[in-house]
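Take a look at the structure set out below.
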Amino acid sequence: MRKVDWTERYQYNVRRQRKALEEYAAHEIEWADDLLTWYRARKQDIPDDEYRAVAFFKNREYLGKPGSLTFLYSMYGRMMQELPESTPEIAFDLVAFRFRMYAAGLRQEGL
């Protein structure tokens, strides 16, 4: 059995973390599309703060701002623990709240 070098171990951990962030970004892009669709179906304008977070994901602005996706991923983890379980009745409100909090976090961090 071959002993793993520390550089190989580091590269493995970086690849794993990068894959998790890419999956998270793809997941949030889908939810951003869903939120826009829900607002269109309700014939309402999306609030500016929610739109800012939706545009952040849809335009892939996180690629030009190092650390922003990691910051939002940590926010997502905390919100999933603290928010109530999603039901069809409150799903729209939870997604809207999540994107509102993303916008507030981006504003607070200056991203």
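The values are calculated or read from the model by the stated rules, or taken from the named source; none is laboratory data. This is a predicted model, so every value here is computed, not measured. We place every Cβ from the backbone using ideal geometry, glycine too, and count neighbours over all the protein chains shown. We work out accessible area using only protein heavy atoms, side chains counted, and drop any ligands, DNA or RNA first. Shrake-Rupley method; radii C 1.70, N 1.55, O 1.52, S 1.80 Å.
What is the gain in length, in nm to one decimal, between GLN11 and LEU63 on full extension, counting 0.36 nm per residue of separation less the C-alpha to C-alpha distance? Working shown, then result.
Numbers: separation 52, 0.36 × 52 = 18.72 nm, distance 2.00 nm.
Fully extending the segment from GLN11 to LEU63 adds 16.7 nm.
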Original post:
Residues in the range 73-106 near a label at ARG42, defined as backbone nitrogen under 15 Å from the 7 Å Cα→Cβ point?
Top reply: 87-101
Original post:
For Rg and Dmax of the Cα atoms in Å, which listed value, [x] 32.2, 102; [y] 16.7, 62; [z] 18.7, 76, comes from the coordinates shown?
Top reply: [y]
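With a 1.4 Å probe and all protein chains left in place, how much accessible area per residue does the range 6-109 have, in Å²? Don't skip to the answer; put the middle values down first.
Values: 7070 Å² over 104 residues.
With all protein chains present, the range 6-109 gives 68 Å² per residue.
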**OP:** Could you tell me what percent of the accessible area of the range 6-109 is made up of carbon and sulfur, with a 1.4 Å probe and every protein chain present?
**Re:** 51
**OP:** Normalising by the residue count of the range 6-109, find the relative contact order in percent from Cα pairs under 8 Å and 6+ residues apart.
**Re:** 35
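What is the magnitude of the charge dipole of the range 6-109 about its Cα centre, with +1 placed on the Cβ of each Lys and Arg, -1 on the Cβ of each Asp and Glu, and no other charges, expressed in debye to the nearest 20?
Numbers: 16 positive and 17 negative charges, 86 e Å.
Here the size comes out at about 420 debye.
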Subject >> C-alpha long axis of helix 48-58 to longest principal axis of the chain, angle in ° >> reply: 40
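Take peptides 26-36, 88-98, 5-15 and line them up by average Cβ neighbours within 10 Å, highest first, as a rough protection proxy. Intermediate values should be presented prior to the final figure.
On the way: 26-36: 15.5, 88-98: 13.6, 5-15: 9.7.
The packing order, highest mean first, is 26-36, 88-98, 5-15.
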